Ligand SMILES: *[C@@H]1O[C@H](CO)[C@@H](O)[C@H](O)[C@H]1NC(C)=O
């Protein structure tokens, strides 16, 4: 008797579950786009390398016509040399760099090498080897003139969705990758920085990857380890080359684009080093040479998602007037795991002389998407959607650019948002300085 009751109860439970699933699917059908679920951590096959073999190779721009090659070896005595040339197997040039290592509680990093090479020709494929060891890698330098294309994706992590985002970026013809913070999601587990380095190597060894820090780069343990120790050791950016004293903020020129990387997690008030550096950097921008001004940082200033509301208010109060006065064209941020694009905006209101703000923290990390948006949609917000994906910014000439966002829909890089952006250079916005 009792068994019969149990069976009946079980049947009833199954029936309700099935009905519930059907109802959910039906509700899903009515919305425009049914979002796929989060994906598990992506694991590369275990592939032990000889201790002197270069691993986690990535490159970054390092001042005019120079590139910094970074890699890791287990062998602490491996030399920091890069051999390079314009044909495969023939290395006409050689450069010597520096190396560093760090410890983090019980973890000891491998030797992290940074070697600047150049002067290099523009828009040219180079073949190179690190530490005098195979394998050979290759990269293409960016062009010196328009057109130039940037791939943009933040909050990457290392999940199945990250892999999908990287595969789509690999299919696009881009010159430089821009990453507005949150790289590995190592979150104190240091060997995850190594697996992240391995995961991005195919792309980051072939095109410059320019990154800025997010909250996941901090990894601060009071009295034990300093903040950003792993990030700063591994992802050295051209801060010295751009007159900055911190790897957490810097700038660089590509073709006719001046790009500024700011730090959401270092001081930004009016008396801070970062603020002073930004002001000086903006004053040096010559819009004749670089008609486009692009800025990146991690925590968005314009965000109508429920997630991370108000977190950047202080930074915005301090720095938005500087960017406005300088006529910044486009601002990219991450942090919110979703996509949002604004119209030109300043001081919380649409403004034809303000910047277009784009939140692109949807690279595919393990924390999943930020699905809830504030209602009604603010006047300045044009497009918002919680899906993983990446963006492409194709700068056509001094006045015209095309921006597109591609979501990872069923592993196809579906183009979901596209817009032409005209630069402020010919806009009549009084603030734009052209030096003569
Ligand atoms: C820039 O490109 C746009 C779109 O292709 C074109 O209409 C415009 O004339 C170009 N401007 C210049 C200065 O070449």
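Would you pick out the residues in segment 226-250 that are without any contact (Cβ under 8 Å) to a residue 60 or more places away in the chain and either outside any loop (DSSP other than H, G, I, E, B) or in the same structural domain as residue 118 (by TED's automatic domain parsing) (or both)?
231, 232, 250 - these are the residues of segment 226-250 that are without any contact (Cβ under 8 Å) to a residue 60 or more places away in the chain and either outside any loop (DSSP other than H, G, I, E, B) or in the same structural domain as residue 118 (by TED's automatic domain parsing) (or both).
In segment 284-308, what residues are surrounded by fewer than 15 Cβ atoms within 10 Å (Cβ to Cβ) and touching a residue at least 12 places away in the same chain (Cβ under 8 Å)?
Listed by number, the residues that qualify are 286, 288, 289, 306.
Here's a check for you: in segment 372-383, which residue that is over 12 Å from residue 407 (Cβ atoms) and touching a residue at least 40 places away in the same chain (Cβ under 8 Å) is surrounded by the most Cβ atoms within 10 Å (Cβ to Cβ)?
Taking the candidates together, the pick is 381.
Take residue 398 and decide whether it is touching a strand residue (DSSP E or B) at 6+ places or on another chain (Cβ under 9 Å), within 16 Å of the ligand (Cβ to nearest atom), farther than 23 Å from residue 183 by Cβ and assigned by TED's automatic domain parsing to the domain that holds residue 183.
Answer is yes for this residue.
Residue by residue, here is whether (1) outside the structural domain of residue 247 (by TED's automatic domain parsing); (2) surrounded by fewer than 22 Cβ atoms within 10 Å (Cβ to Cβ); (3) on the phi > 0 side of the Ramachandran plot holds:
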position	(1), (2), (3)
123	yes, yes, yes
162	no, no, no
167	no, yes, no
171	no, yes, no
180	no, no, no
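Taking segment 173-198 as the region of interest, how many residues are at pLDDT 95 or above and over 20 Å from residue 367 (Cβ atoms)?
8
Mind listing just one residue for me: the one in segment 206-225 that is in contact with a helix residue (DSSP H, G or I) (Cβ under 9 Å, 6 or more places away or on another chain) and assigned to a strand (DSSP E or B) and, of those, surrounded by the most Cβ atoms within 10 Å (Cβ to Cβ)?
Of everything passing the filter in segment 206-225, 211 is surrounded by the most Cβ atoms within 10 Å (Cβ to Cβ).
Check 418, 377 and return the single one that is in the same structural domain as residue 154 (by TED's automatic domain parsing), more than 16 Å from the ligand (Cβ to nearest atom), over 23 Å from residue 327 (Cβ atoms) and modelled with pLDDT of 95 or more.
It is 377.
Considering only segment 107-202, give the strands (runs of 3 or more DSSP E) lying wholly within it that have at least 3 residues that are under 24 Å from residue 73 (Cβ atoms).
111-117, 125-130, 133-140
Just one of 364, 391 is away from the ligand (no atom under 16 Å from the Cβ), on the phi > 0 side of the Ramachandran plot and surrounded by 15 or more Cβ atoms within 10 Å (Cβ to Cβ); which is it?
None of the other options fit; the residue is 364.
The values are calculated or read from the model by the stated rules, or taken from the named source; none is laboratory data. Given the structure is predicted, the values throughout are model-derived calculations rather than measurements. Positions of Cβ are generated from backbone atoms using ideal geometry, with glycine treated the same way; all protein chains shown enter the neighbour counts.
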